[in-house]
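> Dumping the structure here so I can ask a few things about it.
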Amino acid sequence: VAKAQPALGTALRENSKQFTEAGNHMLGVINSDILTGTATMAAPAYYEMATQTIDIGYQLFFDHLVPALHSSVSQRLAADQRDMAITIGIALAALLACGYLTLGMTFALGDAVHQLHAGSQRLAAGDLTARLAITSTDELGEITKAFNEVAGGMQQLIGSVQQSTREVAAATRRLADA
């Protein structure tokens with residue numbers, strides 16, 4: 001206690017001297033009167049002396065220790081409440097940051113997936129010129145690049161089939177005309 005609160009340590013030392021002196025006096029009376037059986041002090045006087053010694057102890061406790069304990073607990077409680085408020089603030093900031101990042105990723109992924117869906121619908125409907133803008137270098141960018149390659153390959157394949165069909169049709173007309 002004396003290290004943490006020097007003023008309290010000084011007050012306790014001063015008051016504990018008084019308590020120690022009263023206690024030693026009472027022990028002296030016990031040793032000289034009661035234990036030896038001589039009993040030179042009347043019972044009411046002995047009772048009064050014991051009561052005064054106990055009162056000094058209570059006074060020491062209630063006048064110095066209880067207020068110091070109350071002050072120490074109040075200070076620690078205030079510090080703990082401040083720390084808790086800071087921790088809650090940091091947790092809320094982290095939660096908001098996570099929410100912000102989650103929403104950002106959701107919108108970014110949602111837009112990319114929506115573009116892929118719209119492009120595949122156009123390709124399925126027969127639009128062989130359907131291509132998507134590659135806006136990222138991550139996995140979705142790779143998927144978009146692969147989609148464009150598939151669409152280009154289909155366009156070339158169908159273009160080759162159409163060219164072959166025209167050549168077969170032209171050859172068939174020439175044979176029919178000959």
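The values are calculated or read from the model by the stated rules, or taken from the named source; none is laboratory data. Quantities reported herein were computed from a predicted structural model and do not represent experimental measurements. Cβ atoms come from the backbone with ideal geometry, glycine included; neighbour counts cover every protein chain shown. Please note that ligands, DNA and RNA were not included when accessible areas were found on the heavy atoms of the full protein model with its side chains. Shrake-Rupley method; radii C 1.70, N 1.55, O 1.52, S 1.80 Å.
> Within region 1-55, work out how many residues are within 30 Å of Gln75 (Cα to Cα) and in contact with a His (Cβ under 9 Å, 6 or more places away or on another chain).
The total comes to 4.
> Check whether at least one residue in region 158-178 is within 50 Å of the chain's Cα centre (by Cα) and outside any helix (DSSP H, G or I), and report yes or no.
no
> Okay, moving on. Which residue out of Ala176, Ala169, Ala133, Ala146 is in contact (Cβ under 8 Å) with a residue 12 or more places away in the chain and loosely packed, with under 12 Cβ neighbours inside 10 Å?
Only one candidate passes the filter, namely Ala133.
Conditions (1) over 30 Å from Thr135 (Cβ atoms); (2) without any contact (Cβ under 8 Å) to a residue 40 or more places away in the chain, marked per residue:
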site: Asn15; (1), (2): yes, no
site: Thr20; (1), (2): yes, yes
site: Met41; (1), (2): yes, yes
site: Thr53; (1), (2): yes, yes
site: Ile56; (1), (2): yes, no
site: Ala68; (1), (2): yes, no
site: Thr106; (1), (2): no, yes
site: His114; (1), (2): no, yes
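> Just to check your reading of the model, which residue among Gly28, Gly23, Gly57, Gly99 is of a type in the set (Gly, Ala, Ser) and within 40 Å of the chain's Cα centre (by Cα)?
Sole residue among the options that is of a type in the set (Gly, Ala, Ser) and within 40 Å of the chain's Cα centre (by Cα): Gly99.
> Among the listed residues Gly159, Gly153, Gly126, which satisfies the condition of being of a type in the set (Gly, Ala, Ser) and surrounded by 11 or more Cβ atoms within 10 Å (Cβ to Cβ)?
Working: Gly153 fails: surrounded by 11 or more Cβ atoms within 10 Å (Cβ to Cβ); Gly126 fails: surrounded by 11 or more Cβ atoms within 10 Å (Cβ to Cβ).
Answer to the selection: Gly159.
> Another one. Do you know which residues across region 118-150 are in contact with a Gly (Cβ under 7 Å, 6 or more places away or on another chain) and assigned to a helix (DSSP H, G or I)?
Result: Phe147, single match.
> On the basis of being part of a helix (DSSP H, G or I) and either surrounded by 10 or more Cβ atoms within 10 Å (Cβ to Cβ) or without any contact (Cβ under 8 Å) to a residue 24 or more places away in the chain (or both), does Leu101 make the cut?
For Leu101, the condition - part of a helix (DSSP H, G or I) and either surrounded by 10 or more Cβ atoms within 10 Å (Cβ to Cβ) or without any contact (Cβ under 8 Å) to a residue 24 or more places away in the chain (or both) - is met.
Conditions (1) in contact with a helix residue (DSSP H, G or I) (Cβ under 7 Å, 6 or more places away or on another chain); (2) open to solvent by 70 Å² or more (accessible area, probe 1.4 Å); (3) within 30 Å of Gln5 (Cβ to Cβ), marked per residue:
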{"residue": "Thr36", "(1), (2), (3)": "no, yes, no"}
{"residue": "Thr40", "(1), (2), (3)": "yes, yes, no"}
{"residue": "Ala43", "(1), (2), (3)": "no, yes, no"}
{"residue": "Met49", "(1), (2), (3)": "yes, no, no"}
{"residue": "Ile54", "(1), (2), (3)": "no, yes, yes"}
{"residue": "His70", "(1), (2), (3)": "no, yes, yes"}
{"residue": "Gln75", "(1), (2), (3)": "no, yes, yes"}
{"residue": "Met84", "(1), (2), (3)": "no, yes, yes"}
{"residue": "Leu92", "(1), (2), (3)": "no, yes, no"}
